[in-house]
Structures are given as C-alpha cells and as structure tokens.
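Trainee: Got a structure here, written out as structure tokens. Questions coming.
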Amino acid sequence: MLINGEWTEARSGLSFEVLNPATGESIGSVADGGAEDALLAITAAHDAFKTWSKTTAYERSAVLYRAWEIMTSRADELAHLMTVEQGKPLKASKAEVKYASDFLLWFAEEAKRVVGEWLPSQRPDQRFLSVKVPVGVVAAITPWNYPISMLTRKIGPALAAGCTVVLKPAEATPLCAKATFDVLTDAGLPDGVINMVTTSNPAPVGDIFTSDPRVAKLTFTGSTAVGRVLAAKAASNLQRVSVELGGHAPFIVFPDADPVHAAKGAAALKFLNAGQACISPNRLYVPSSLADLFQETLCSRVERLQTGNGLHDGVGVGPLINEVAVAKVETQVEDARNKGAGIPVGGMRLVNGEHSNGHFYAPTVLTDVKPEMSIYREETFGPVAPVITYEDPEQVIEMANDTNYGLAAYVYTKEIGVAMRAFEGLRFGIIGINDVNPTSASVPFGGMGDSGIGREGGHEGISEYLETKTGGFAI
Ligand code: NAP
C-alpha cells in the first residue's frame, strides 16, 4: 500500500496472494489492508490537499505530462505485467497501456483549460465572478478488467483538477495498480497526493471511503450491484458521486448493411478481453434476411480464435479472471441451451493441456437467442456472442432499448438516415456507428440508467472533480 509517500505493510501485518488467471500460479503478494489503513490514507490525502490544491495548473500539468512520458517508456513491461496478472493477450495489454497513458496526456492538457467567467449583474456597482475549484479528497474504487486505464481515467483528471486521491484497486489486479502508482510517484507527485489501500476484503474499506467526512467525492467503476450500494452510502453523507457501471450492449445490423463486414466487426469486438468489457456487445440483432451469412462469417471467425495464455504468440482470447467468472458464463450458456438456443461454436469450458490450470471458456456463438434466456438480460462478461434474429427494422431500436442498462450500443448500416435515427433513438451513452471502437481519452465515456452516473474522459472528465464558486463583488 502507498500511504503518504511510503510503501507500507497493512497495520494488521496480513497480506494476500495475486494469481495468474492463465496458470493459477502465484505472481506475488500485497498488503491486505483494512479500515485502519484506509483512515491513514485519507488523513494523508487530506493533509496533502492543502498544498496540492494550491499548485498552479501548469505545475500539475507538468507532473501529468512526465507521468505520460514514463508510462510510455515502460509500456512493454506494464503490458507484460497486465497479461500475467489479468490475462488479456499481450497485444491487447499494449493497447490498454496506450489508452491508459492517453488519459495522462489528455488531462495534462485539460488541467490548463479550467477557466471561470465574469457574469453580468443588474447593478452597476457589482461584479460577478464564477470560478472552478477542486472538490477535495477523492476516493476511487476500480475493477480488474482494465487494471491500468481505469486508474488513469480517474486519477488523471482528479490530479489535474487539484484533488488528492485514495484508491482501492481490485483484489485481482493490485500489481498493475502498484506499477501505475510507481509511474505517478516517479513523475514527481508530492507525498500524500495519491494513496493506495490494497485489500482482499473490500467492504470495510468501502465503508470508510463513503463515510469519512474528509472524503468529498466517490468515483467507482465496477458492477451495478456494488456501485448502487456504494453510491447510496456516499449520497447519505452528501459526497459527490460518479459511478461507471455494467452494460448490456446491443449490436444492431440493419437490413441494408453488409452482413460479412458486420460479422467481422462483431467477432473482433465481442472477444476483446475475453468479453470482459462493460461495452462488450451482449445482444447481436440480425435481420432474418441476413442471418445465414452473418452467422456463417461470425462462426468461421470465432472457430479460428486461439484461446490460451496471453503471453503466447497467436493467442487471441485469454482466460477469464477467476472460477466464479467461468461458472457464471457456464450457467448462462446452459440456460440458453435448455431454452432452445443453438450453439454452433464453443459452449464449454476448456480444461485440458495448457488450459488445465487456468480459467478458460471456449469462444462461443449462440443462435436463436430469445428474451426469456438469462443471457438476453444479464451482463455476460465472457466470450459468448448471442445472436437474436429479428423481422421488423422499425422495432429493433425498441428491442435494443429494452434493458435497464444504457452504456454502449453498436449499429451497422450504409444509410445515413438509418444511422442518424438509430443514434437518436438508442438510449445509450456511447454509440458506435459502423465503428467497433467508439472510445478515446478525448471523448466522454459513461452510461445512462443502471450503467451509471457521470462521464469520464473528454472535457467532462475533469468537471467531475471540480465545483463552482461564485463571488459577488460590490465595488
Ligand atoms: P465489482 O465486483 O463491482 O468490483 C469493482 C470494485 O469494487 C473492486 O475493486 C471490488 O473489490 C470493489 N468492491 C466490491 N465490493 C465492494 C464493497 N462492498 N465495498 C467497496 N468496494 C467493493 O466489479 P468487477 O467484477 O471488479 O468489475 C466488473 C464490472 O465492472 C462489470 O459489471 C463491468 O461492466 C463494470 N465496468 C464498468 C466500466 C464502465 O466504465 N462503465 C468499466 C469497466 C468495468 P474486489 O476486487 O476486492 O472485489
């Protein structure tokens, strides 16, 4: 854990092991912190806020810029660590490190774009001034699926705004969090500005983060179930709250689209990070007129995907994070099978040979998926592509919107009018039109409904860490 600039053990002296999900081997151990450690971290962040919040935007920008340079120079070692700890193939880890560093650079620039305004008064002897100030100490809680970029997406804007941070990273990926903190401290952050409490028992740390009056804001990325509980606790203490939660993305192929092109896009997108992404497509809507060609192309692509240790050449799909994740996918696929889905590819755990000690599930295509199947409504978080055949393009937007989630959606069409109507009609925060990667540090990321509150990245990303102060000056 990092508390007030010192890497420390837990007060309890306990630690826990970190495992490689591809091999089951231990790759290290970290301090197993608790409530007492969380309080010390908050004290450090609270003290450091007094000076960090007074630094100039240029100083904060310079630190973030240096952090970007350091992360870029360490990209290969960070990517290797990510593959060993989280499982995604090395190429995908490199892409994530690049995405993570993009937030450091973007917010190095945004730090200098925080401005106030003079506002009109009805009185000639009065002036109004409105400025932005940092909210204070930020408590951040992050997931394992993007174990470096989910940190920089929060810490970058928080630091740029002048806030200090206490982080609790996911239990499965504390080593990536430590390596990210090494980048930030090596960039010259003063002691106490960022602090990290690792733990295998998140609830007591979460309780402190959401109840300590010195914490001004909670920023959480993770499941809707946990986010809902933490947001409720934080709100009861009037902390500001941003929560980036789960998703259930529709992927709509319209009848005018090229089904082969769309299927290639679906195959590329669905199996990224073994499907463990909040913006992963969970419902592939295909018109019956295109279903055969779409499914044929999708299946042939999925059959060719190699599943294994992400360090090995040619592997396109790594392990799932743990046994619970594999069991959840298995339950959803069995439910779909029992209710009549076809399984032309995959549909089972991989347990032999190089898969025997890891958490592997075969890349899978489900056909004839129906609303009564659990996979139609529950987030999958695994390498399973559920295809739903539809008849009426007038109704497909309504079908896609029939979910409490509202994070990402994808549309394939060649018609600009169809694309625009879909963009306007879909109730989701991020929409890819013939585009399987509608994300970047430069654009807002976040969802509607049960997918969360707030936006990260883009111009909005920093405003989550600022509040407004208005001055009326009688002159
Ligand atoms: P999770 O179980 O909700 O965990 C997220 C974080 O919350 C972890 O650090 C976890 O710690 C912690 N946590 C769990 N229970 C807690 C409690 N009672 N108090 C305080 N902290 C607690 O989610 P996950 O399985 O790690 O991540 C997958 C989920 O994240 C998916 O639903 C995915 O869609 C979502 N996600 C959303 C976005 C987005 O931007 N919208 C991005 C990535 C992921 P432990 O690790 O110790 O359990």
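Trainee: Name the one entry in Ser300, Ser288 that is touching a Ser or Thr at 6+ places or on another chain (Cβ under 7 Å) and hydroxyl-bearing (Ser, Thr, Tyr). Can you show your working first?
Mentor: On the way: Ser300 fails: touching a Ser or Thr at 6+ places or on another chain (Cβ under 7 Å).
Exactly one of Ser300, Ser288 is touching a Ser or Thr at 6+ places or on another chain (Cβ under 7 Å) and hydroxyl-bearing (Ser, Thr, Tyr), namely Ser288.
Trainee: When you scan segment 271-318, how many residues do you find that are under 20 Å from Ser149 (Cβ atoms), part of a loop (DSSP other than H, G, I, E, B) and touching a strand residue (DSSP E or B) at 6+ places or on another chain (Cβ under 6 Å)?
Mentor: Result for segment 271-318: 2.
Trainee: Within segment 80-105, how many residues turn out to be within 17 Å of the chain's Cα centre (by Cα) and either assigned to a helix (DSSP H, G or I) or modelled with pLDDT under 95 (or both)?
Mentor: Narrowing segment 80-105 to residues within 17 Å of the chain's Cα centre (by Cα): 82-83, 85-88, 92-104.
Within this subset, residues satisfying the condition of being either assigned to a helix (DSSP H, G or I) or modelled with pLDDT under 95 (or both) are 82-83, 85-86, 92-104.
Result for segment 80-105: 17.
Trainee: Looking only at segment 10-53, count how many residues are in contact (Cβ under 8 Å) with a residue 60 or more places away in the chain and charged (D, E, K, R).
Mentor: Residues flagged as in contact (Cβ under 8 Å) with a residue 60 or more places away in the chain and charged (D, E, K, R) within segment 10-53 amount to 4.
Trainee: State all residues of segment 243-260 that are away from the ligand (no atom under 14 Å from the Cβ), of a type outside the set (A, V, I, L, M) and in contact with a Ser or Thr (Cβ under 9 Å, 6 or more places away or on another chain); if no residue qualifies, say none.
Mentor: Step one: of segment 243-260, the residues away from the ligand (no atom under 14 Å from the Cβ) are 250-260.
So of that shortlist, the ones also of a type outside the set (A, V, I, L, M) come out as 250-251, 254-256, 258-259.
Matches in segment 243-260: Pro250, Phe254, Pro255, Asp256, Pro259.
Trainee: Checking the conditions here, which among Pro393, Pro438, Pro444, Pro383 is farther than 29 Å from Pro89 by Cβ and not small (Gly, Ala, Ser)? Let's see the steps before the verdict.
Mentor: Details: Pro438 fails: farther than 29 Å from Pro89 by Cβ; Pro444 fails: farther than 29 Å from Pro89 by Cβ; Pro383 fails: farther than 29 Å from Pro89 by Cβ.
So the residue among Pro393, Pro438, Pro444, Pro383 that is farther than 29 Å from Pro89 by Cβ and not small (Gly, Ala, Ser) is Pro393.
Trainee: Consider only pairs whose beta carbons are under 6 Å apart and that are at least six residues apart or on different chains; among these, list those whose first residue lies in segment 213-238 and is under 19 Å from Phe381 (Cα atoms) and whose second residue is among the aromatic types (Phe, Trp, Tyr) and at pLDDT 95 or above.
Mentor: Hits for this filter: Gly227/Phe220.
Trainee: Then there's this: Quick check on Gly461: is it touching a strand residue (DSSP E or B) at 6+ places or on another chain (Cβ under 9 Å), within 13 Å of the ligand (Cβ to nearest atom) and in a helix (DSSP H, G or I)? Give the steps one after another, and end with the answer.
Mentor: Working: touching a strand residue (DSSP E or B) at 6+ places or on another chain (Cβ under 9 Å): yes; within 13 Å of the ligand (Cβ to nearest atom): yes; in a helix (DSSP H, G or I): yes.
Here the answer is yes, as Gly461 does meet what is asked.
Trainee: Does any residue of segment 228-237 turn out to be more than 21 Å from the chain's Cα centre (by Cα) and among the basic types (Lys, Arg)?
Mentor: Looking only at segment 228-237, we keep the residues that are more than 21 Å from the chain's Cα centre (by Cα), and these are 233, 235-237.
Narrowing further to those that are among the basic types (Lys, Arg): 233.
So far as segment 228-237 goes, yes, one or more of its residues are more than 21 Å from the chain's Cα centre (by Cα) and among the basic types (Lys, Arg).
Trainee: Same structure again: Would you pick out the residues in segment 36-79 that are of a type in the set (Lys, Arg) and assigned to a loop (DSSP other than H, G, I, E, B)? Steps first, please.
Mentor: First, the residues of segment 36-79 that are of a type in the set (Lys, Arg): 50, 54, 60, 66, 74.
Once the filter is applied, which keeps residues that are of a type in the set (Lys, Arg) and assigned to a loop (DSSP other than H, G, I, E, B), segment 36-79 yields Lys54, Arg74.
Trainee: Under 7 Å by Cβ, and 6 or more places apart or on different chains, what pairs join a residue from segment 312-334 that is under 17 Å from Asn357 (Cα atoms) with one that is modelled with pLDDT under 95?
Mentor: Pairs found: none.
This table checks each residue for (1) of a type in the set (A, V, I, L, M, F, W, C); (2) free of Cβ contacts under 8 Å to residues at least 40 places away in the same chain.
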{"position": "Met399", "(1), (2)": "yes, no"}
{"position": "Asp402", "(1), (2)": "no, yes"}
{"position": "Arg427", "(1), (2)": "no, yes"}
{"position": "Ile430", "(1), (2)": "yes, no"}
{"position": "Ile433", "(1), (2)": "yes, yes"}
{"position": "Gly449", "(1), (2)": "no, no"}
{"position": "Ile453", "(1), (2)": "yes, no"}
{"position": "Glu456", "(1), (2)": "no, no"}
{"position": "Gly471", "(1), (2)": "no, no"}
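Trainee: If you don't mind, there's one more thing I want to ask. Scan segment 433-460 for residues that are closer than 25 Å to Arg113 by Cβ, surrounded by fewer than 20 Cβ atoms within 10 Å (Cβ to Cβ) and acidic (Asp, Glu) and report the count.
Mentor: Total satisfying the criteria: 1.
Trainee: In segment 277-304, which residues are surrounded by fewer than 17 Cβ atoms within 10 Å (Cβ to Cβ) and not polar (S, T, N, Q)?
Mentor: Kept after step one, since they are surrounded by fewer than 17 Cβ atoms within 10 Å (Cβ to Cβ), are these residues of segment 277-304: 288-289, 292-293, 296, 300, 303-304.
Result: Asp292, Leu293, Glu296, Glu303, Arg304.
Trainee: Hey, does segment 376-389 have a residue that's more than 24 Å from Tyr99 (Cβ to Cβ), part of a loop (DSSP other than H, G, I, E, B) and at pLDDT 95 or above?
Mentor: Within segment 376-389, one or more residues are more than 24 Å from Tyr99 (Cβ to Cβ), part of a loop (DSSP other than H, G, I, E, B) and at pLDDT 95 or above.
Trainee: Any idea which of Pro134, Pro169 is buried (at least 24 other Cβ atoms within 10 Å of the Cβ), under 18 Å from the mean Cα position of the chain (by Cα) and not charged (D, E, K, R)?
Mentor: Values: Pro134 fails: under 18 Å from the mean Cα position of the chain (by Cα).
Step by step, each of Pro134, Pro169 is checked, and only Pro169 is buried (at least 24 other Cβ atoms within 10 Å of the Cβ), under 18 Å from the mean Cα position of the chain (by Cα) and not charged (D, E, K, R).
Trainee: Here's another thing I want to ask about it. Look through segment 441-453, keep the residues that are within 18 Å of Ile155 (Cβ to Cβ) and assigned to a loop (DSSP other than H, G, I, E, B), and return whichever of them is nearest to the ligand (Cβ to nearest atom).
Mentor: Among those that are within 18 Å of Ile155 (Cβ to Cβ) and assigned to a loop (DSSP other than H, G, I, E, B), it is Gly446.
Trainee: Would you say Ala274 is in the same structural domain as Tyr390 (by TED's automatic domain parsing) and crowded, with 23+ Cβ neighbours inside 10 Å? Steps first, answer last, please.
Mentor: Details: in the same structural domain as Tyr390 (by TED's automatic domain parsing): yes; crowded, with 23+ Cβ neighbours inside 10 Å: yes.
So Ala274 passes the test.
Trainee: Would you point out the residue of segment 413-440, among those that are polar (S, T, N, Q) and farther than 22 Å from Phe294 by Cβ, that is farthest from the ligand (Cβ to nearest atom)?
Mentor: Initially, segment 413-440 is screened for residues polar (S, T, N, Q), giving 413, 434, 437, 439-440.
Filter once more, so that each one left must be farther than 22 Å from Phe294 by Cβ: 439-440.
Values: Thr439: 9, Ser440: 14 Å.
Top of the filtered list is Ser440.
Trainee: Tell me yes or no: at least one residue of segment 115-129 is at pLDDT 95 or above, surrounded by 18 or more Cβ atoms within 10 Å (Cβ to Cβ) and not in a strand (DSSP E or B).
Mentor: Of segment 115-129, the ones at pLDDT 95 or above are 115-129.
From what's left, surrounded by 18 or more Cβ atoms within 10 Å (Cβ to Cβ): none.
So far as segment 115-129 goes, no, none of its residues is at pLDDT 95 or above, surrounded by 18 or more Cβ atoms within 10 Å (Cβ to Cβ) and not in a strand (DSSP E or B).
The values are calculated or read from the model by the stated rules, or taken from the named source; none is laboratory data. For clarity, every value in this text was computed on a predicted model and none was experimentally measured. Ideal geometry is used to build each Cβ from the backbone, glycine not excepted, and the neighbour counts take in all protein chains shown.
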